[in-house]
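Let me begin by presenting the structure, written as structure tokens, before commenting on it.
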Amino acid sequence: MNTNKRDILNPIDEALANLAIKDIFLKSMKCENFKFDIELYPNSYYKVLLKHKVVRSSILESTDHKQHLLRVLLSYGVKWVSKEDPQDELAVIEAEYVAEYKLKQKISDMAIDEFCLKNVGHNVWPYWREFVATTSQRLNLPNLTLPLQKPVKKNSDKK
């Protein structure tokens, strides 16, 4: 039986074997301190809401069809809101990042989806984490250091 190596690999291993990071960059940002004042909103009067999602991914191909690039757009956000009324926004920091990966060879759509959902965020998270820390300070907001992002474990990895 003639078995292709790609047929043996699970989707995430297929992606990891064929993708190499090329670049990560900030695409857009929105930052505003609407009315946050630490004197008016001590720790007990506000809460922080977080957003993180993969918006889209696309495969780009060179004109000679020899090089392929996976481009992933991610959206992040942090919002300070009143504890009494979560609709009452005090401040916001939002950003979109693009992560680009070179492909050694074409991979399955399932491998791309798995990689985008489980791995790309780990590559971009340090950039977002630093952006939030410095921007919150510049906006005169309470210091906010986002936690390190830990990899999602497979069921077989859990003990």
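Tabulated data
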| read-out | value |
| --- | --- |
| Accessible surface, the stretch 53-159, averaged per residue in Å² (probe 1.4 Å) | 62 |
| Loop sites in the stretch 1-105: GluC sites (Glu not before Pro), DSSP, at most 14 other Cβ within 10 Å | 39, 84 |
| Principal-axis tilt of helix 121-138 within the chain, Cα atoms, nearest 10 degrees | 20 |
| Heavy atoms of residue 85: accessible area, 1.4 Å probe, square angstrom to 10 | 70 |
| Candidates 23, 37, 64, ranked by Gaussian network fluctuation over the chain, Cα under 10 Å, top entry | 64 |
| Fraction of accessible area attributable to carbon and sulfur, the stretch 44-159 (%, probe 1.4 Å) | 48 |
| The chain - charge dipole about Cα centre, Lys and Arg +1 at Cβ, Asp and Glu -1, debye rounded to 20 | 580 |
| Formal net charge of residues neighbouring residue 92 (Cβ-Cβ distance under 15 Å; K, R +1; D, E -1) | +1 |
| Relative contact order (percent, whole number), the chain, Cα cutoff 8 Å, 6+ residue spacing | 28 |
| Contact order normalised by residue count of the stretch 15-109, Cα under 8 Å, 6+ apart, percent | 42 |
| Loop-located chymotrypsin sites (Phe, Trp or Tyr not before Pro) in the stretch 34-71 whose Cβ has at most 13 other Cβ within 10 Å (DSSP) | 34 |
| Calculated percent of Cα pairs over 29 Å apart (choose from (1) 12; (2) 28; (3) 34), label | (3) |
| Neighbour cut-off at most 15 other Cβ (10 Å), DSSP loop, trypsin sites (Lys or Arg not before Pro), the stretch 26-68 | 35, 66 |
| Per-residue [θ]222 nm for the chain (sum of -39500 (n - 2.57) over DSSP H runs n ≥ 4, rounded to 500) | -6500 deg cm²/dmol |
| Top positive-direction residue, dipole computed over the stretch 32-95 with Cβ charges, set 45, 74, 86 | 74 |
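The values are calculated or read from the model by the stated rules, or taken from the named source; none is laboratory data. On a predicted model such as this, the values are computed, not experimentally measured, just so you know. All Cβ positions, even for glycine, are placed from backbone atoms using ideal geometry, and neighbour counts span all protein chains on display. Note: areas computed on protein heavy atoms with side chains; ligands, DNA, RNA excluded. Shrake-Rupley method; radii C 1.70, N 1.55, O 1.52, S 1.80 Å.
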